Each structure stands twice: as C-alpha cells, then as structure tokens.
Amino acid sequence: MKEACGVVGIVATGRDVSYLCYDALYALQHRGQESAGMATFADEMITVVKDNGLVSHVFSDTALRALGGSMVIGHTRYSTSGSANWTAAQPVYRSAGRSGFALAHNGNLTNTPALAEAAGISVSSMLSDSDLVAELLGHEVEAGASLSEALGRVLGRAEGAFSMVVLEAGAVHAVRDPHGFRPLCLGRLGTEDAPEGWVIASESPALDVVGAAFVREIEPGEMISVTFEGVTSTRLLAPAPGAERLCVFEFVYFARPDAYLLGHQVHTARRRMGEALAVQSPVAADLVMGVPDSGVPAAEGYAKASGIPFGYGLVKNRYIGRTFIAPTPNQRAAGVRRKLNPLRENIAGQRLVVVDDSIVRGTTTRALVGMLRDAGAAEVHLRISSPPFAWPCYYGIDTPNRDELLAATHSPEQMREYIGCDSLDFITLANLRGAIGLGEECCDACLTGNYPAPTPVALGGAGRW
Ligand code: SF4
C-alpha cells in the first residue's frame with residue numbers, strides 16, 4: 001500500500017509563508033514522494049511551483065524566496081488516480097476568476113466518469129480526479145459563482161474521499177468529504193487572543209513543525225475559509241449517514257506516530273495494538289521485533305504485554321525516495337532487500353515474534369520471512385496489527401485488485417504456508433478498535449467489505465480510470 005498525498009494551507013501576514021509551507025510539507029513527506037508543489041498568492045497573482053521528486057529536491061531557496069506572498073497551499077503526491085508524471089503534480093491551477101485558483105487534494109473520487117459526463121467533459125482529457133474537480137470549479141466560476149459557491153456545487157456531486165485545500169485571491173479554503181476519510185486539521189500561529197496566522201494540514205505534526213498550536217480537526221463536510229480577517233466555518237456538505245469514517249489505516253500505517261487523529265495519538269494506538277496481539281495470540285519466543293517503521297511500536301507493545309524481550313532485527317534504509325513500481329514477485333523481493341537488511345547477530349538461533357502492520361499481496365512478507373530465515377532465525381512467528389486485508393480501497397489508498405490480495409484468495413493456513421512462517425495471526429477488528437479507542441468512527445472497508453460510500457464498481461479494478 002502507498003500513502004495518498006499530504007496537503008497544507010497557510011495564511012499569515014508578514015511571515016515567509018513559502019518557507020513555513022516547505023517545513024510543513026517536509027513533515028508530510030511520508031504521505032507522498034512522487035511530486036511536491038506549492039501555490040502562493042501575491043501581487044494579485046497566483047504562482048505555482050511543482051515538480052517530480054521529494055520536497056527538498058523540488059524547492060530551492062531561490063524558488064521559495066520568489067514565491068513570496070502571505071497565502072500558500074502545498075501538496076506532496078502519491079498518485080492513486082490518473083497519471084504519475086509531472087503534468088499531474090499538484091497544486092492544479094485554473095485561470096477562472098479574479099486571479100485564478102489553485103487546488104491540492106488528498107483522496108480519491110469514486111464517480112469521476114459520471115461527474116465528467118454530466119459536464120460534457122471527456123474523462124480521458126483529464127490528468128486526474130483533482131484536475132477534473134478544478135475544471136468543474138472553473139466552469140462554475142466562469143458562469144458567475146464565487147469559488148465557495150462552486151466548491152459547494154461541485155463537491156456536492158462528488159463521491160469518495162477528499163481532503164482539499166484551494167487558494168484564490170485573498171482566501172484559502174479547506175474542505176473535507178462528508179465521511180472524513182482522510183485527516184485534515186486546523187492550527188493557529190500566535191496566541192488565542194492575538195492570532196498571527198492560520199495553518200491547515202493533513203496531520204498535526206505539520207502544525208508542530210511551523211510552531212502552530214493545534215486548534216481542531218476540520219469536520220466531515222465542513223469548509224473552513226481563511227482570509228486576512230480570520231477564519232469562518234461553513235457546513236458545505238451534509239454529513240453522511242453514520243457520519244465520520246476516518247481511514248483506520250491512518251492509525252495502523254499511514255500517519256506519523258506523533259500525529260493526533262480524533263484526539264488519539266497514533267503511536268499510543270500502535271503500541272496498544274501490539275499489547276492486544278500479545279494477549280490474543282501468545283507464543284513461546286526469545287525476541288520480539290517490529291518491521292520498521294509502523295511495526296516497531298506494536299512490537300514494543302507485544303513485548304511489554306508478553307514479557308518477551310524487545311529487540312531490533314532489521315535495519316531500514318531511510319534514503320529511498322521515489323517508490324519503485326515492482327510488478328513481479330522477484331522485483332518485489334529485491335525491493336525488500338533494498339529497503340531492509342537483517343541484524344544477523346540479533347536474529348541467529350532466535351525464536352522470533354515479528355510484528356508487521358499489514359499483508360497485502362504477501363510477496364514482500366514472504367521475502368521478509370525468507371530473509372530472516374537466511375539470517376539464521378530458528379522460528380518466525382508473524383503477528384499482524386491489522387485484520388486480513390481482503391478488499392480493495394477506493395478512498396485514496398493505492399491497493400491491488402481483489403484477486404491480488406492474499407487474504408481474498410487464501411485461508412489463514414494457506415497464507416501461512418505461502419509466507420513460510422511458523423505461525424501467523426492477525427489482530428481482530430474488535431481488538432484493533434479497542435487499541436485505537438474508536439469504533440464506528442473509522443472506515444474498515446478493506447477489512448470487512450462494508451464500504452461506507454459508493455465504489456466505482458462499474459470501472460472494476462482499484463478505483464483507477
Ligand atoms: S478502505 Fe481501508 S484503506 Fe481505504 S479508507 Fe477504508 S480503511 Fe482506509
């Protein structure tokens with residue numbers, strides 16, 4: 001699985017907002033490494049800088065200084081919809097209105113063909129679902145609507161996941177879909193009595209890094225509009241039945257451990273997942289180790305609850321930037337070796353409990369277990385901090401088709417045999433919810449098949465078009 005974009009929006013008079021946005025995007029780099037971009041408003045003009053690559057590659061000091069302005073939006077991208085090349089990098093710009101507008105999106109729309117068809121647009125002419133939303137907004141604005149009105153009309157017809165920031169002359173708007181699949185929060189620069197600016201970001205660590213205080217999460221269906229006069233909140237979209245459905249994998253895997261989501265710290269939730277797994281699925285072993293990064297806090301929790309020593313068994317190469325597409329099992333196995341290397345002296349002769357966050361196709365897990373055995377592990381007992389991943393995600397995460405998901409085509413015992421471990425168990429949904437401290441507020445469609453919003457079934461596949 002791959003993360004699916006991070007977004008930032010900042011309004012702050014007298015501050016170098018492009019530099020603040022750079023720091024915030026840097027804190028969200030884990031959400032997308034394919035491309036990065038920024039749009040600022042200054043001198044009645046919107047300027048966009050974007051390119052393929054990591055945040056540190058895309059923005060030079062010269063570019064950040066040139067961007068200027070007091071309003072900015074930013075984006076880090078992993079493509080779940082449309083092209084992965086430069087032209088689909090975000091923010092997306094349209095020239096409609098006083099100075100045009102720019103848009104950055106985290107999520108995935110599930111009814112793009114219907115949206116395009118209704119507007120007489122050829123879906124194949126659009127670079128991504130974000131490009132289509134920008135085109136539809138542009139039509140509305142050219143027909144006389146304000147950008148806020150256009151957002152209400154266009155996103156009112158959109159289905160799926162969207163946490164979006166939009167920059168126009170004199171305002172930054174932030175909108176979250178009625179289910180709140182992807183996170184989005186608001187922070188404040190300065191004090192409550194004397195605010196100096198406002199920051200919107202996918203995850204709270206992006207607020208911390210620019211010195212902004214966390215104010216609150218943006219509600220599902222809410223639009224926050226920030227101008228130089230302050231912040232206003234509008235109920236743009238009716239809340240979905242059953243309301244909030246934040247992606248449960250934000251807790252399991254995607255979000256930073258220091259992020260707070262719905263008031264719960266991600267690291268704490270991961271540690272508790274491990275504790276629950278130790279009670280649910282004990283085993284006699286010498287060492288508990290986690291698969292970096294998100295498996296490590298869960299492994300610490302397993303060790304604490306089981307009394308088995310915690311240790312490190314894998315070293316991760318942190319300098320792998322753009323993710324390689326590895327279409328064959330052999331290439332995926334090579335990808336595992338490129339990323340992880342065993343600590344042989346910690347592993348040799350040991351009965352290992354290995355805690356990982358998920359199994360999707362199973363090819364990387366199988367390669368990982370083979371690597372640990374080659375390093376001399378006496379036994380490998382795999383414990384997974386999410387239930388079996390048996391359904392594709394249509395809400396902004398890049399997953400394979402159902403027939404490529406190991407849990408959709410194999411029984412638990414067949415999965416264990418394929419992976420080659422001595423024992424295998426997955427946390428139950430009840431224990432996962434208990435560890436997070438949330439229940440129905442989280443989407444778990446890829447674990448249960450209970451999709452809270454329409455899926456693009458007519459398209460087949462995993463939400464691509
Ligand atoms: S289907 Fe799974 S990955 Fe997708 S939003 Fe729901 S919980 Fe997250």
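Across the range 246-255, a minimum of one residue is classified as under 20 Å from the mean Cα position of the chain (by Cα), outside the structural domain of T40 (by TED's automatic domain parsing) and modelled with pLDDT under 95.
Annotation: of all residues in the range 274-294 being among the aliphatic types (A, V, I, L, M) and closer than 13 Å to K304 by Cα, the one that is surrounded by the fewest Cβ atoms within 10 Å (Cβ to Cβ) is V279. Determine whether the range 298-308 contains at least one residue that is of a type in the set (F, W, Y) and without any contact (Cβ under 8 Å) to a residue 60 or more places away in the chain. So far as the range 298-308 goes, no, none of its residues is of a type in the set (F, W, Y) and without any contact (Cβ under 8 Å) to a residue 60 or more places away in the chain. Take the conditions (1) of a type in the set (S, T, N, Q); (2) more than 15 Å from the ligand (Cβ to nearest atom); (3) closer than 19 Å to D177 by Cβ; T363 misses just one of them, which is (3). If you take the residues of the range 111-137 that are crowded, with 22+ Cβ neighbours inside 10 Å and among the small types (G, A, S), which of them is farthest from R77 (Cα to Cα)? By that ranking, first place goes to A134. Quick check on L109: is it hydrophobic (A, V, I, L, M, F, W, C) and touching an Asp or Glu at 6+ places or on another chain (Cβ under 7 Å)? Answer is yes for this residue. Any residue at all in the range 165-176 that's touching a helix residue (DSSP H, G or I) at 6+ places or on another chain (Cβ under 9 Å), surrounded by 24 or more Cβ atoms within 10 Å (Cβ to Cβ), hydrophobic (A, V, I, L, M, F, W, C) and closer than 20 Å to A240 by Cβ? Among the residues of the range 165-176, at least one is touching a helix residue (DSSP H, G or I) at 6+ places or on another chain (Cβ under 9 Å), surrounded by 24 or more Cβ atoms within 10 Å (Cβ to Cβ), hydrophobic (A, V, I, L, M, F, W, C) and closer than 20 Å to A240 by Cβ, which makes the answer yes. Residues that are within 23 Å of D398 (Cα to Cα), within 16 Å of the ligand (Cβ to nearest atom) and modelled with pLDDT under 95 do not occur anywhere in the range 6-20. Does any residue of the range 214-221 turn out to be surrounded by 24 or more Cβ atoms within 10 Å (Cβ to Cβ), more than 16 Å from the ligand (Cβ to nearest atom) and part of a strand (DSSP E or B)? Within the range 214-221 (the criterion being surrounded by 24 or more Cβ atoms within 10 Å (Cβ to Cβ), more than 16 Å from the ligand (Cβ to nearest atom) and part of a strand (DSSP E or B)), the answer is no, since none of the residues qualifies.
For the range 351-386, which positions are in a strand (DSSP E or B) and under 29 Å from the mean Cα position of the chain (by Cα)? Within the range 351-386, V353, V354, V355, D356, H381, L382, R383, I384 meet the criteria.
Yes or no, residue by residue, for (1) of a type in the set (S, T, N, Q); (2) in a strand (DSSP E or B):
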site: S99; (1), (2): yes, no
site: I121; (1), (2): no, no
site: S124; (1), (2): yes, no
site: V133; (1), (2): no, no
site: V141; (1), (2): no, no
site: L151; (1), (2): no, no
site: M164; (1), (2): no, yes
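With A88, A27, A104 as the choices, which residue is at pLDDT below 90, assigned by TED's automatic domain parsing to the domain that holds E196 and among the small types (G, A, S)?
A88
For the range 414-442, a residue qualifies if it is within 13 Å of the ligand (Cβ to nearest atom), out of contact with any Pro (no Cβ under 6 Å at 6 or more places or on another chain) and not in a loop (DSSP other than H, G, I, E, B), and the qualifying residues are L432, R433, I436, C442. Reported count of residues in the range 374-413, each being away from the ligand (no atom under 14 Å from the Cβ), buried (at least 21 other Cβ atoms within 10 Å of the Cβ) and β-branched (V, I, T), is 2.
Every condition in (1) crowded, with 20+ Cβ neighbours inside 10 Å; (2) modelled with pLDDT under 95; (3) over 18 Å from the mean Cα position of the chain (by Cα) holds for Q33 except the one numbered (3). If the condition is being away from the ligand (no atom under 15 Å from the Cβ), farther than 21 Å from V17 by Cα and part of a loop (DSSP other than H, G, I, E, B), then the range 222-242 contributes L236, L237, A238, P239, P241.
Please specify each residue of the range 277-298 satisfying the condition of being small (G, A, S), under 16 Å from P387 (Cα atoms) and within 28 Å of the chain's Cα centre (by Cα). Hits for the range 277-298 are A278, S294, G295, A298. May I ask you to say which residue of V279, V266 is out of contact with any strand residue (DSSP E or B) (no Cβ under 8 Å at 6 or more places or on another chain) and modelled with pLDDT of 95 or more? Exactly one of V279, V266 is out of contact with any strand residue (DSSP E or B) (no Cβ under 8 Å at 6 or more places or on another chain) and modelled with pLDDT of 95 or more, namely V279.
In this structure, V172 does not satisfy being assigned to a strand (DSSP E or B) and either under 21 Å from the mean Cα position of the chain (by Cα) or free of Cβ contacts under 8 Å to residues at least 12 places away in the same chain (or both).
The values are calculated or read from the model by the stated rules, or taken from the named source; none is laboratory data. Everything quoted here is computed from the prediction, not taken from an experiment. Note that each Cβ is placed from the backbone with ideal geometry, even for glycine, and that neighbours are counted across all protein chains shown.
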